[in-house]
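Reading through the C-alpha coordinates given below for one structure.
The values are calculated or read from the model by the stated rules, or taken from the named source; none is laboratory data. Every value quoted in this text rests on a predicted model; they were computed, and no experiment measured them. Cβ sites come from the backbone with ideal geometry, for glycine too, and all protein chains shown count toward neighbours.
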Amino acid sequence: MLDADFFRRWMTATAASVSREAERLTALDSPIGDADHGSNLQRGFAAVTATLEKEAPDTPGAVLTLAGRQLISTVGGASGPLYGTLLRRTGKALGDAGEVSEDQFAEALRAGVDAVMTLGGATPGDKTMIDALVPAVDALGDGFTAARAAAEEGALATTPLQARKGRASYLGERSIGHQDPGATSSSLLIAGLVEAAGE
Ligand code: ADP
Ligand code: MG
Ligand code: MG
(Lines give C-alpha, C1' and ligand atoms only; values in the text may rest on other atoms or scores of the structure.)
(Ligands and ions follow the chains in the order given, each with its own letter.)
Protein backbone atom coordinates (compact mmCIF):
# COMPACT_ATOMS: atom_id res chain seq x y z
CA MET A 1 0.00 0.00 0.00
CA LEU A 2 1.08 3.58 -0.69
CA ASP A 3 0.65 6.19 2.04
CA ALA A 4 0.98 9.98 2.19
CA ASP A 5 4.71 9.65 2.90
CA PHE A 6 5.21 7.72 -0.32
CA PHE A 7 3.62 10.55 -2.30
CA ARG A 8 5.64 13.13 -0.39
CA ARG A 9 8.81 11.19 -1.28
CA TRP A 10 7.65 11.10 -4.90
CA MET A 11 7.42 14.91 -4.99
CA THR A 12 10.75 15.35 -3.17
CA ALA A 13 12.53 12.93 -5.52
CA THR A 14 11.05 14.71 -8.54
CA ALA A 15 12.07 18.12 -7.20
CA ALA A 16 15.64 16.82 -6.79
CA SER A 17 15.90 15.28 -10.26
CA VAL A 18 14.28 18.28 -11.94
CA SER A 19 16.77 20.51 -10.16
CA ARG A 20 19.70 18.26 -11.18
CA GLU A 21 18.49 18.19 -14.79
CA ALA A 22 17.23 21.79 -15.01
CA GLU A 23 19.97 22.93 -17.40
CA ARG A 24 19.36 19.98 -19.68
CA LEU A 25 15.58 20.57 -19.71
CA THR A 26 16.12 24.22 -20.55
CA ALA A 27 18.63 23.27 -23.27
CA LEU A 28 16.03 20.94 -24.82
CA ASP A 29 13.51 23.81 -24.70
CA SER A 30 15.95 26.10 -26.51
CA PRO A 31 15.77 24.91 -30.16
CA ILE A 32 12.01 24.18 -30.10
CA GLY A 33 10.78 26.51 -27.36
CA ASP A 34 11.72 29.49 -25.23
CA ALA A 35 14.44 27.97 -23.06
CA ASP A 36 12.59 28.06 -19.76
CA HIS A 37 11.36 24.51 -19.12
CA GLY A 38 14.08 23.63 -16.60
CA SER A 39 13.73 26.87 -14.65
CA ASN A 40 9.91 26.66 -14.77
CA LEU A 41 9.85 23.20 -13.24
CA GLN A 42 12.71 23.80 -10.83
CA ARG A 43 10.82 26.76 -9.39
CA GLY A 44 7.54 24.84 -9.38
CA PHE A 45 8.74 21.69 -7.65
CA ALA A 46 10.78 23.65 -5.12
CA ALA A 47 7.54 25.42 -4.18
CA VAL A 48 5.77 22.05 -4.03
CA THR A 49 8.23 20.56 -1.54
CA ALA A 50 8.14 23.74 0.57
CA THR A 51 4.36 23.81 0.74
CA LEU A 52 4.14 20.07 1.49
CA GLU A 53 6.52 20.58 4.40
CA LYS A 54 4.56 23.53 5.70
CA GLU A 55 1.04 22.17 5.35
CA ALA A 56 1.82 18.48 5.97
CA PRO A 57 -1.23 16.97 4.22
CA ASP A 58 -1.88 13.51 5.60
CA THR A 59 -3.51 11.53 2.81
CA PRO A 60 -2.20 10.57 -0.68
CA GLY A 61 -5.02 12.51 -2.31
CA ALA A 62 -4.32 15.64 -0.28
CA VAL A 63 -0.57 15.51 -1.03
CA LEU A 64 -1.13 15.40 -4.79
CA THR A 65 -3.97 17.90 -4.80
CA LEU A 66 -1.88 20.43 -2.90
CA ALA A 67 1.16 19.76 -5.10
CA GLY A 68 -0.91 20.29 -8.23
CA ARG A 69 -2.42 23.50 -6.94
CA GLN A 70 1.04 24.80 -6.08
CA LEU A 71 2.39 24.02 -9.57
CA ILE A 72 -0.50 25.86 -11.19
CA SER A 73 0.08 28.95 -9.10
CA THR A 74 3.90 28.92 -9.36
CA VAL A 75 4.65 27.95 -12.97
CA GLY A 76 3.57 30.44 -15.60
CA GLY A 77 4.34 28.39 -18.72
CA ALA A 78 2.21 25.76 -20.41
CA SER A 79 3.74 23.04 -18.29
CA GLY A 80 2.51 24.49 -14.96
CA PRO A 81 -1.23 24.15 -15.59
CA LEU A 82 -0.66 20.82 -17.36
CA TYR A 83 1.45 19.20 -14.61
CA GLY A 84 -0.75 20.88 -12.02
CA THR A 85 -3.83 19.34 -13.58
CA LEU A 86 -2.11 15.96 -13.75
CA LEU A 87 -1.38 15.93 -10.02
CA ARG A 88 -4.61 17.59 -8.92
CA ARG A 89 -6.82 15.26 -10.94
CA THR A 90 -4.82 12.21 -9.81
CA GLY A 91 -5.14 13.37 -6.21
CA LYS A 92 -8.86 13.92 -6.57
CA ALA A 93 -9.27 10.40 -7.97
CA LEU A 94 -7.49 8.99 -4.90
CA GLY A 95 -10.16 10.49 -2.65
CA ASP A 96 -9.48 10.72 1.08
CA ALA A 97 -8.13 7.22 1.76
CA GLY A 98 -5.14 7.06 4.11
CA GLU A 99 -3.47 4.44 1.91
CA VAL A 100 -4.03 3.36 -1.68
CA SER A 101 -3.02 0.25 -3.61
CA GLU A 102 -0.73 0.39 -6.62
CA ASP A 103 -3.71 -0.53 -8.78
CA GLN A 104 -5.78 2.34 -7.38
CA PHE A 105 -2.87 4.68 -8.01
CA ALA A 106 -2.52 3.44 -11.61
CA GLU A 107 -6.21 4.07 -12.19
CA ALA A 108 -5.99 7.55 -10.63
CA LEU A 109 -2.94 8.49 -12.69
CA ARG A 110 -4.83 7.40 -15.79
CA ALA A 111 -7.57 9.88 -14.86
CA GLY A 112 -4.88 12.54 -14.36
CA VAL A 113 -3.32 11.91 -17.77
CA ASP A 114 -6.76 11.97 -19.39
CA ALA A 115 -7.37 15.38 -17.79
CA VAL A 116 -4.08 16.68 -19.25
CA MET A 117 -5.19 15.51 -22.70
CA THR A 118 -8.55 17.22 -22.26
CA LEU A 119 -6.97 20.47 -21.08
CA GLY A 120 -4.15 20.64 -23.64
CA GLY A 121 -5.82 18.83 -26.51
CA ALA A 122 -2.74 16.69 -27.19
CA THR A 123 -2.90 13.00 -28.03
CA PRO A 124 -0.02 10.51 -28.34
CA GLY A 125 2.28 11.40 -31.24
CA ASP A 126 1.89 15.18 -30.89
CA LYS A 127 5.40 15.47 -29.37
CA THR A 128 4.40 16.49 -25.84
CA MET A 129 4.57 15.19 -22.28
CA ILE A 130 1.68 12.91 -23.26
CA ASP A 131 4.14 10.79 -25.25
CA ALA A 132 5.90 9.82 -22.02
CA LEU A 133 2.88 9.80 -19.69
CA VAL A 134 0.56 7.54 -21.69
CA PRO A 135 3.10 4.69 -22.11
CA ALA A 136 4.03 5.07 -18.43
CA VAL A 137 0.43 4.68 -17.30
CA ASP A 138 -0.01 1.75 -19.68
CA ALA A 139 3.02 0.02 -18.10
CA LEU A 140 2.20 0.88 -14.49
CA GLY A 141 0.39 -2.41 -13.96
CA ASP A 142 3.81 -4.08 -14.37
CA GLY A 143 5.38 -1.92 -11.64
CA PHE A 144 7.18 1.39 -11.23
CA THR A 145 10.38 0.22 -12.92
CA ALA A 146 8.44 -0.83 -16.02
CA ALA A 147 6.64 2.54 -16.02
CA ARG A 148 9.98 4.36 -15.82
CA ALA A 149 11.38 2.43 -18.79
CA ALA A 150 8.22 3.12 -20.81
CA ALA A 151 8.36 6.85 -20.03
CA GLU A 152 12.04 7.09 -20.97
CA GLU A 153 11.41 5.25 -24.21
CA GLY A 154 8.42 7.51 -24.92
CA ALA A 155 10.50 10.63 -24.35
CA LEU A 156 13.26 9.41 -26.69
CA ALA A 157 10.66 8.55 -29.32
CA THR A 158 9.55 12.21 -29.52
CA THR A 159 12.76 13.18 -31.38
CA PRO A 160 11.64 12.29 -34.93
CA LEU A 161 8.12 13.66 -34.40
CA GLN A 162 6.77 16.98 -35.63
CA ALA A 163 5.16 18.96 -32.80
CA ARG A 164 1.44 19.53 -33.11
CA LYS A 165 0.80 21.21 -29.74
CA GLY A 166 2.45 23.92 -27.67
CA ARG A 167 5.15 26.38 -28.61
CA ALA A 168 7.18 23.81 -30.57
CA SER A 169 4.31 23.42 -33.04
CA TYR A 170 4.94 26.98 -34.29
CA LEU A 171 8.14 25.62 -35.85
CA GLY A 172 6.32 23.11 -38.04
CA GLU A 173 8.77 20.70 -39.67
CA ARG A 174 11.70 22.41 -37.95
CA SER A 175 10.55 20.82 -34.69
CA ILE A 176 11.63 17.44 -36.09
CA GLY A 177 14.92 16.07 -34.75
CA HIS A 178 14.69 17.45 -31.20
CA GLN A 179 13.59 15.62 -28.06
CA ASP A 180 10.58 17.19 -26.38
CA PRO A 181 11.46 18.87 -23.07
CA GLY A 182 8.08 18.12 -21.46
CA ALA A 183 8.23 14.42 -22.35
CA THR A 184 11.72 14.41 -20.85
CA SER A 185 10.59 15.99 -17.58
CA SER A 186 7.66 13.56 -17.48
CA SER A 187 10.12 10.69 -17.56
CA LEU A 188 11.84 12.29 -14.53
CA LEU A 189 8.48 12.49 -12.76
CA ILE A 190 7.80 8.80 -13.41
CA ALA A 191 11.36 7.86 -12.39
CA GLY A 192 10.59 9.57 -9.07
CA LEU A 193 8.11 6.78 -8.32
CA VAL A 194 10.91 4.22 -8.37
CA GLU A 195 12.92 6.36 -5.98
CA ALA A 196 9.95 6.92 -3.68
CA ALA A 197 9.36 3.17 -3.53
CA GLY A 198 13.05 2.60 -2.75
CA GLU A 199 13.30 0.14 -5.65
P1 ADP B 1 6.15 27.06 -22.32
O2 ADP B 1 6.03 26.34 -23.64
O3 ADP B 1 4.94 27.85 -21.98
O4 ADP B 1 7.43 27.83 -22.20
P5 ADP B 1 7.36 24.92 -20.81
O6 ADP B 1 8.60 25.22 -21.56
O7 ADP B 1 7.50 24.89 -19.32
O8 ADP B 1 6.18 25.90 -21.19
O9 ADP B 1 6.80 23.49 -21.24
C10 ADP B 1 6.87 23.06 -22.58
C11 ADP B 1 6.37 21.62 -22.63
O12 ADP B 1 4.98 21.57 -22.33
C13 ADP B 1 6.49 20.99 -24.01
O14 ADP B 1 7.76 20.40 -24.19
C15 ADP B 1 5.37 19.97 -24.03
O16 ADP B 1 5.82 18.69 -23.59
C17 ADP B 1 4.39 20.50 -23.03
N18 ADP B 1 3.19 21.00 -23.69
C19 ADP B 1 3.02 22.19 -24.29
N20 ADP B 1 1.77 22.30 -24.77
C21 ADP B 1 1.13 21.14 -24.47
C22 ADP B 1 -0.20 20.62 -24.67
N23 ADP B 1 -1.13 21.35 -25.30
N24 ADP B 1 -0.48 19.39 -24.20
C25 ADP B 1 0.46 18.67 -23.54
N26 ADP B 1 1.72 19.09 -23.31
C27 ADP B 1 2.05 20.31 -23.77
MG1 MG C 1 9.27 26.86 -22.55
MG1 MG D 1 7.69 29.80 -21.49
Original post:
Out of all the residues in the range 144-161, which are touching a helix residue (DSSP H, G or I) at 6+ places or on another chain (Cβ under 8 Å), outside any loop (DSSP other than H, G, I, E, B) and of a type outside the set (Val, Ile, Thr)?
Top reply: Phe144, Ala146, Ala147, Arg148, Ala149, Ala150, Ala151, Glu152, Glu153, Gly154, Ala155
Original post:
When Gly44 is evaluated against the numbered criteria (1) under 22 Å from Leu171 (Cβ atoms); (2) under 15 Å from the mean Cα position of the chain (by Cα); (3) within 16 Å of ligand 3 (Cβ to nearest atom), which criterion, by number, is the only one it fails?
Top reply: (1)
Original post:
Among the residues of the range 155-199 satisfying the criterion of being polar (S, T, N, Q) and more than 16 Å from ligand 3 (Cβ to nearest atom), which is nearest to Ser79 (Cα to Cα)?
Top reply: Ser186
Subject >> Pairs where the first residue, in the range 6-35, is in contact (Cβ under 8 Å) with a residue 40 or more places away in the chain and of a type in the set (D, E, K, R) and the second is more than 16 Å from ligand 1 (Cβ to nearest atom) and in a helix (DSSP H, G or I), C-beta under 7 Å, 6+ apart >> reply: Arg8/Leu52; Arg8/Val63; Arg9/Ala196
**OP:** Out of Gly77, Gly38, report the one residue that is crowded, with 18+ Cβ neighbours inside 10 Å, modelled with pLDDT of 95 or more, within 16 Å of ligand 2 (Cβ to nearest atom) and not charged (D, E, K, R).
**Re:** Gly38
Original post:
Does Gly68 qualify as being without any contact (Cβ under 8 Å) to a residue 24 or more places away in the chain, surrounded by 19 or more Cβ atoms within 10 Å (Cβ to Cβ), more than 16 Å from ligand 3 (Cβ to nearest atom) and not in a loop (DSSP other than H, G, I, E, B)?
Top reply: yes
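Residue-wise test of (1) assigned to a helix (DSSP H, G or I); (2) hydrophobic (A, V, I, L, M, F, W, C).
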position	(1), (2)
Leu82	yes, yes
Thr85	yes, no
Ala97	no, yes
Phe105	yes, yes
Ala108	yes, yes
Ala111	yes, yes
Met117	yes, yes
Ala132	yes, yes
Asp138	yes, no
